[in-house]
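For reference, the structure is listed below as structure tokens.
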Amino acid sequence: MNGGLPPYYFRVKDNGALVFRVDSENRQRRLELDQIATININNGQVKPQGDTVLTDEDQAAIDAWKSARETELTARDIDDIRRTVDHLNLTAHWVQSKATDAQLDDVTDRLLLAMHDLRTVLVKKRADKLLG
């Protein structure tokens with residue numbers, strides 16, 4: 001096996017990851033992934049798997065992954081918002097230039113409610129910032 005494999009593998013799931021120790025130095029020369037913990041990124045909780053006792057090296061790798069993952073998710077959130085702005089602009093162009101009456105009847109109320117909700121939240125946040 002490739003000696004350049006990382007010592008840990010993190011299988012991402014909706015709210016965190018499963019942590020595996022990578023073992024390629026065994027008698028069968030097969031790659032083995034031994035689950036050592038579960039991470040919940042939402043509450044920061046790390047649960048060792050079964051009777052596993054996490055070493056300082058394990059904990060350091062988990063902490064580094066959590067930090068990197070939180071940075072990645074924050075960047076994705078901002079990217080999603082920027083894409084939403086693009087979609088709003090594309091939607092305005094679509095409404096103005098391509099939408100049929102039937103299509104507009106189908107989406108107008110939902111769009112107006114969503115935009116009203118968003119505007120209300122944005123205005124409240126801005127006011128709270130200016131007043132606080």
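The values are calculated or read from the model by the stated rules, or taken from the named source; none is laboratory data. Because the structure is a prediction, the values reported are computed rather than measured. In this analysis, Cβ positions are derived from the backbone assuming ideal geometry, glycine residues included, and neighbour counts consider all displayed protein chains.
For the stretch 85-112, a residue qualifies if it is in contact with a Leu (Cβ under 9 Å, 6 or more places away or on another chain) and polar (S, T, N, Q), and exactly one does: Thr91. Answer yes or no: is there a residue in the stretch 69-91 that is surrounded by 10 or more Cβ atoms within 10 Å (Cβ to Cβ) and in contact with a strand residue (DSSP E or B) (Cβ under 8 Å, 6 or more places away or on another chain). The answer is yes; a qualifying residue exists.
All of (1) in a helix (DSSP H, G or I); (2) within 30 Å of Ala17 (Cα to Cα) hold for Leu33 with one exception: (1).
Name the residues in the stretch 78-103 that are among the aliphatic types (A, V, I, L, M) and part of a helix (DSSP H, G or I), would you? Answer for the stretch 78-103, where residues must be among the aliphatic types (A, V, I, L, M) and part of a helix (DSSP H, G or I): Ile78, Ile81, Val85, Leu88, Leu90, Ala92, Val95, Ala102. The listed residues are Leu54, Leu18, and the only one of them that is assigned to a strand (DSSP E or B), touching a residue at least 12 places away in the same chain (Cβ under 8 Å), among the aliphatic types (A, V, I, L, M) and within 25 Å of Gly4 (Cα to Cα) turns out to be Leu18.
Test Pro6 against the criterion of being of a type outside the set (Val, Ile, Thr), at pLDDT below 95 and either farther than 30 Å from Leu122 by Cβ or in contact with a strand residue (DSSP E or B) (Cβ under 8 Å, 6 or more places away or on another chain) (or both), and give yes or no. Yes. Looking only at residues of the stretch 1-60 that are of a type in the set (A, V, I, L, M) and more than 23 Å from the chain's Cα centre (by Cα), we find that the one that is surrounded by the fewest Cβ atoms within 10 Å (Cβ to Cβ) is Val53.
Quick check, is Ala75 free of Cβ contacts under 8 Å to residues at least 60 places away in the same chain, under 28 Å from Lys13 (Cα atoms), not in a loop (DSSP other than H, G, I, E, B) and not β-branched (Val, Ile, Thr)? Judged against the criteria, Ala75 is a match.
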